């Protein structure tokens, strides 16, 4: 159950303005530890779910001390899959609420949602972050399986994940990643928010971590440890797109991504003004860059890109 209704405000070195963060993002505050209803404050799992099958929910989250060296606190969140009557129930934690409407994992009646009328099951966010960063240690039973994170900025609407047709018009931006085993070590993940709309005004963020990218996928005892979640903000604005000519963003996993005219020439320029590389969209896709601020320029537009 969510106890921390207010987002943490983070002051950056870029100015005296505050930028919103997710409450209890370092997974330090918990309630009902050691009981069946144990959950991190500001986050929710099956035991605080709703829907016709909520009474059959199992405990699939717990506080863990298996943190990495350099973590900000003493605890992380452990989510895990279980087998129920021969079917796999994925580990699931969200800042929204879980609706448990069907025993069939892939049913449209099973979803996470922002219950915007209840601060216990929604996360207000009016800022527009550039990327979502978090630390994870993922240990699947079967090699090749993948876990998932999905963060959605949306307007004042009871948004669902998986996204249904009614939620689509209320989408502002999304950051999503399916990822494989971290091979027994903690790994830092950075996923860019892609601002494709069609909505433009952020009111809430819905974040979901699951132990499998597929509902009912993976295997019992798949384990995901999650810690130190952060929203990263571009000091000069969030990947600003001038004249709506093209889009550019960067992720640790996939490098530089440009979406625009495939025949156009683009210059990748470091904040200092030094030229990093020039080329067309295909030749620059996947380009690896060191941390810092860059400008991707075409003949008539510039996009600011922050590399974490």
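Quantify how much of the Cα-Cα distance distribution of segment 247-307 extends past 17 Å, in percent.
27 percent
Would you mind computing, in nm to one decimal, how far apart the modelled labels at residue 141 and residue 271 are, each placed 7 Å from Cα along Cα→Cβ?
It works out to 4.7 nm between the two label points.
If a paramagnetic tag sat 7 Å from the Cα of residue 87 along the Cα-Cβ line, which residues of segment 49-73 would have the backbone N under 17 Å from that point?
49-60
Assuming 0.36 nm per residue, please report the length gained on full extension of the stretch residue 214 to residue 166 beyond their Cα-Cα distance. Spell out each step's value before the answer.
Details: separation 48, 0.36 × 48 = 17.28 nm, distance 2.15 nm.
That works out to 15.1 nm of additional length.
Taking the number of other C-beta atoms within 10 Å as the exposure measure, put 251, 114, 278 in order starting with the fewest.
Fewest-to-most Cβ neighbours within 10 Å comes out as 278, 251, 114.
Viscosity 1.002 mPa s, temperature 20 °C: Stokes-Einstein D of segment 108-258 from its Kirkwood Cα radius, in µm² per second? Numbers along the way, then the final one.
On the way: Rh = 16.4 Å.
Taking Rh from Cα pairs, D becomes 131 µm²/s.
Could you please state, rounded to a whole Å, how far the C-alpha centre of segment 178-226 is from the C-alpha centre of segment 62-102?
If you average the Cα positions of each part, the centres end up 12 Å apart.
Can you put 135, 43, 30 in order, fewest other beta carbons within 10 Å first?
Arranged by neighbour count, lowest to highest, 135, 43, 30 become 30, 135, 43.
Which ordering of 100, 275 is given by a fewest-first count of other beta-carbon atoms within 10 Å?
275, 100
Enumerate the residues in segment 83-126 having an amide nitrogen under 20 Å from the point lying 7 Å beyond the Cα of residue 41 toward its Cβ.
Residues 93-97, 118-125 fall inside that zone.
Label residue 68 and residue 50 with points 7 Å out from Cα along Cα→Cβ: what is the distance between them in nm?
Placing both labels 7 Å beyond Cα along the Cβ direction yields 3.5 nm.
Using a 7 Å offset from the Cα along the Cα-to-Cβ direction at both residue 155 and residue 187, what is the distance between the two label points in nm, to one decimal?
With each label placed 7 Å out from Cα toward Cβ, I get 3.7 nm.
Obtain the radius of gyration and the Kirkwood radius of segment 12-114 from its C-alpha atoms and give Rg over Rh.
1.05
Can you tell me the FRET efficiency between residue 291 and residue 264 if r is taken as the Cβ-Cβ distance and R0 is 25 Å, rounded to the nearest 0.05?
Values: r = 26 Å, r/R0 = 1.06.
Once rounded, the FRET efficiency stands at 0.40.
Taking each pair of different alpha-carbon atoms in the chain once, compute 1/r for the pair, average those values, and report the inverse of that mean as the Kirkwood hydrodynamic radius in Å to one decimal.
Its Kirkwood hydrodynamic radius stands at 20.2 Å.
Every number here is computed from the coordinates shown, using simple stated rules; none is lab data. This structure is a prediction, so every number in the text was calculated from the model and none was measured. Heads up, the Cβs are rebuilt from the backbone with ideal geometry, glycines too, and the neighbour counts pull from every protein chain shown.
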